[in-house]
Amino acid sequence: MGSRVELTASDGHILSAYRADPQDEARGGIVVVQEVFGVNEHVRGVCDGYAADGYAVVAPALFDRVKQGVELGYEGADLTHGREFRAELGWDNPLLDVEAAAAVLRPVGKVAVIGYCFGGSVAWLAATRLVVDAAVGYYGGQVADFIEEEPKCPVLLHFGESDAFIPIESVDKVQERRPDIPLYRYPAGHGFNCESRADYHEESAKRARTRTLDFIRLHIG
């Protein structure tokens with residue numbers, strides 16, 4: 001359904017991205033923000049799914065700033081490399097690339113950001129630092145670190161109750177500090193939305209996606 005495209009960020013950086021468009025006129029745009037494993041098959045599938053729901057979707061390859069063409073597996077050395085790339089990238093650079101993706105989607109209407117894992121934290125920062133119309137974060141481990149930043153758009157958050165990477169105290173902190181933001185907890189671990197990961201939990205993934213789609217339709221169209 002989708003294809004590779006190029007984006008140019010405001011600092012002049014040129015990066016690759018995956019774009020998927022609906023068959024009919026788009027209801028709006030969605031920027032899908034990757035995990036630490038790059039714009040891999042799973043991320044492309046997520047994009048295709050939201051395109052099938054009627055949205056124009058772009059997933060920027062955030063790791064292009066460190067190494068081009070990154071597509072990693074979910075365990076062992078791949079996980080280590082992904083974390084190293086994330087640390088080298090920082091937090092400001094991903095927002096430049098998300099902003100570039102949002103800009104190419106603006107012609108189709110309002111734009112949401114949906115991020116997973118690392119991307120879940122980026123989605124929160126997009127809501128507080130960029131001009132977007134909605135944001136959804138799946139198991140963003142650093143959301144609690146940036147919870148004092150004020151979101152400028154509606155936000156929806158998903159977390160797993162048995163997430164080995166995000167302490168439950170962090171989730172509690174987010175909920176206590178932002179009681180006005182819908183936050184859902186699922187009987188699942190980290191990465192429960194990804195069918196290629198050990199913690200994939202089908203029921204939780206379906207429920208979270210339904211809530212996400214309802215939220216997007218409410219705020220984007």
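Just so it is clear, none of the values below were taken in a lab; they were calculated from the coordinates. These numbers come from a predicted model, not from an experiment. Cβ coordinates were reconstructed from backbone atoms using ideal geometry, including for glycine residues, and neighbour counts include every protein chain displayed.
Here are the numbers for this structure:
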quantity	calculated
Residue, nearest to V57 (Cα to Cα), within the stretch 113-152, restricted to residues that are among the charged types (D, E, K, R) and outside any helix (DSSP H, G or I)	D133
A123 being touching a Leu at 6+ places or on another chain (Cβ under 8 Å), closer than 20 Å to R27 by Cβ, surrounded by 21 or more Cβ atoms within 10 Å (Cβ to Cβ) and among the small types (G, A, S)	no
Number of the condition not met by G115 [criteria: (1) more than 17 Å from T212 (Cα to Cα); (2) surrounded by 19 or more Cβ atoms within 10 Å (Cβ to Cβ)]	(1)
Residue match in the stretch 52-66 (condition: closer than 28 Å to F146 by Cα, touching a residue at least 60 places away in the same chain (Cβ under 8 Å), β-branched (V, I, T) and part of a loop (DSSP other than H, G, I, E, B))	no
Tally, over the stretch 92-112, of residues that are within 12 Å of Q34 (Cβ to Cβ) and either of a type in the set (G, A, S) or surrounded by fewer than 24 Cβ atoms within 10 Å (Cβ to Cβ) (or both)	1
Unique match (being in contact with a strand residue (DSSP E or B) (Cβ under 6 Å, 6 or more places away or on another chain), surrounded by fewer than 22 Cβ atoms within 10 Å (Cβ to Cβ) and either under 29 Å from D199 (Cα atoms) or charged (D, E, K, R) (or both)) among V43, V70, V33	V70
Candidates D53, D48, filtered to the one that is under 16 Å from the mean Cα position of the chain (by Cα) and surrounded by fewer than 24 Cβ atoms within 10 Å (Cβ to Cβ)	D48
Members of the stretch 133-160 that are buried (at least 24 other Cβ atoms within 10 Å of the Cβ), more than 12 Å from the chain's Cα centre (by Cα) and either over 17 Å from Y184 (Cβ atoms) or in contact (Cβ under 8 Å) with a residue 40 or more places away in the chain (or both)	G160
